[in-house]
Amino acid sequence: MGTVVGELIQMNAKMVMSTEAEFMVVFGTLVGAAMLIAAFVCWWGAKKRWWLWLVAALLLAGLAFWGNSMPRIKEIRACVNGPISLERVSAVYDIVSIDGKEIVMRER
């Protein structure tokens with residue numbers, strides 16, 4: 001990182017989910033749980049189509065699993081040591097936020 005921009009000091013880096021993956025996990029979990037409850041209620045009431053709800057719940061659980069297994073994005077938190085050019089930083093990284101001296105960036 002020092003070769004690209006010499007005025008940034010990396011504090012920490014972590015791997016984060018993309019927004020699409022987060023949506024898939026949350027949607028698949030919540031709606032899948034609702035479908036599982038609907039399947040149980042239909043089965044308990046001796047209705048004939050309870051298995052359709054169960055299949056929908058399993059498909060949504062698969063969606064949540066797929067979202068969780070998607071590749072992560074490296075998020076870097078760096079501290080600024082002196083003046084920097086944001087154009088040089090944004091040429092290499094996607095800038096998520098700037099808070100005082102701290103810059104949060106994601107790799108492309």
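The values are calculated or read from the model by the stated rules, or taken from the named source; none is laboratory data. The shown structure was predicted, so the numbers you read here are calculated from the model rather than taken from an experiment. All Cβ positions, even for glycine, are placed from backbone atoms using ideal geometry, and neighbour counts span all protein chains on display.
Here are a few things to note about the model shown:
Here's the yes/no breakdown for (1) within 24 Å of the chain's Cα centre (by Cα); (2) within 22 Å of LYS14 (Cβ to Cβ); (3) among the small types (Gly, Ala, Ser):
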{"residue": "CYS42", "(1), (2), (3)": "no, no, no"}
{"residue": "GLY67", "(1), (2), (3)": "yes, yes, yes"}
{"residue": "MET70", "(1), (2), (3)": "yes, yes, no"}
{"residue": "VAL80", "(1), (2), (3)": "no, yes, no"}
{"residue": "ARG88", "(1), (2), (3)": "no, no, no"}
{"residue": "ASP94", "(1), (2), (3)": "yes, yes, no"}
{"residue": "GLY100", "(1), (2), (3)": "no, yes, yes"}
{"residue": "MET105", "(1), (2), (3)": "yes, yes, no"}
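- Per the conditions (1) over 19 Å from VAL16 (Cα atoms); (2) in contact with an Asp or Glu (Cβ under 8 Å, 6 or more places away or on another chain); (3) modelled with pLDDT of 90 or more, the sole criterion not satisfied by GLY82 is (3).
- Qualifying residue in region 98-108 (condition: over 30 Å from GLY32 (Cα atoms), in contact with a Leu (Cβ under 6 Å, 6 or more places away or on another chain), touching a residue at least 60 places away in the same chain (Cβ under 8 Å) and not assigned by TED's automatic domain parsing to the domain that holds VAL26): no
- Among the residues of region 4-33, none is identified as surrounded by 14 or more Cβ atoms within 10 Å (Cβ to Cβ) and without any contact (Cβ under 8 Å) to a residue 12 or more places away in the chain.
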